[in-house]
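Rule-based calculations on the coordinates, nothing more; no lab input. Here the structure is a predicted model, which is why all the values come from computation and not from measurement. So basically every Cβ, Gly included, is an ideal-geometry build from the backbone, and we count neighbours across all protein chains shown.
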Amino acid sequence: MAEKLKCEGNELFKNLEYIKAIECYQSSLQYVASDQTKMRCVLYSNISICLSKGGDYKDMIEYCKKAVACVSILLFRIQPT
């Protein structure tokens with residue numbers, strides 16, 4: 001379900017329907033398991049891009065921070081021990 005909603009959001013984004021795209025991405029997050037960090041990172045990034053297109057820079061920054069946190073987790077996982 002998460003992938004389907006993400007794809008719907010991508011189509012809405014292509015059609016410049018940013019608010020509806022955000023809704024799809026946020027709904028998609030509800031179906032993403034906590035250990036699916038890469039998917040969370042993509043969705044947070046997508047939401048932040050939509051917010052920037054709409055001029056909502058305050059919320060955009062918050063979602064960018066969430067995306068960066070996910071990237072940090074991914075990088076931590078691949079570091080050699």
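Just checking, does the range 1-12 include any residue being of a type in the set (Gly, Ala, Ser) and either in contact with a Lys or Arg (Cβ under 7 Å, 6 or more places away or on another chain) or surrounded by fewer than 18 Cβ atoms within 10 Å (Cβ to Cβ) (or both)? No, the range 1-12 contains no residue that is of a type in the set (Gly, Ala, Ser) and either in contact with a Lys or Arg (Cβ under 7 Å, 6 or more places away or on another chain) or surrounded by fewer than 18 Cβ atoms within 10 Å (Cβ to Cβ) (or both).
On the basis of being within 23 Å of Ser72 (Cβ to Cβ), touching a helix residue (DSSP H, G or I) at 6+ places or on another chain (Cβ under 6 Å) and either among the small types (Gly, Ala, Ser) or part of a helix (DSSP H, G or I) (or both), does Ser28 make the cut?
Numbers: within 23 Å of Ser72 (Cβ to Cβ): yes; touching a helix residue (DSSP H, G or I) at 6+ places or on another chain (Cβ under 6 Å): yes; either among the small types (Gly, Ala, Ser) or part of a helix (DSSP H, G or I) (or both): yes.
Here the answer is yes, as Ser28 does meet what is asked.
Only one of the numbered conditions (1) without any contact (Cβ under 8 Å) to a residue 40 or more places away in the chain; (2) under 24 Å from Lys4 (Cβ atoms); (3) in a helix (DSSP H, G or I) is not met by Asn46, and that is (1).
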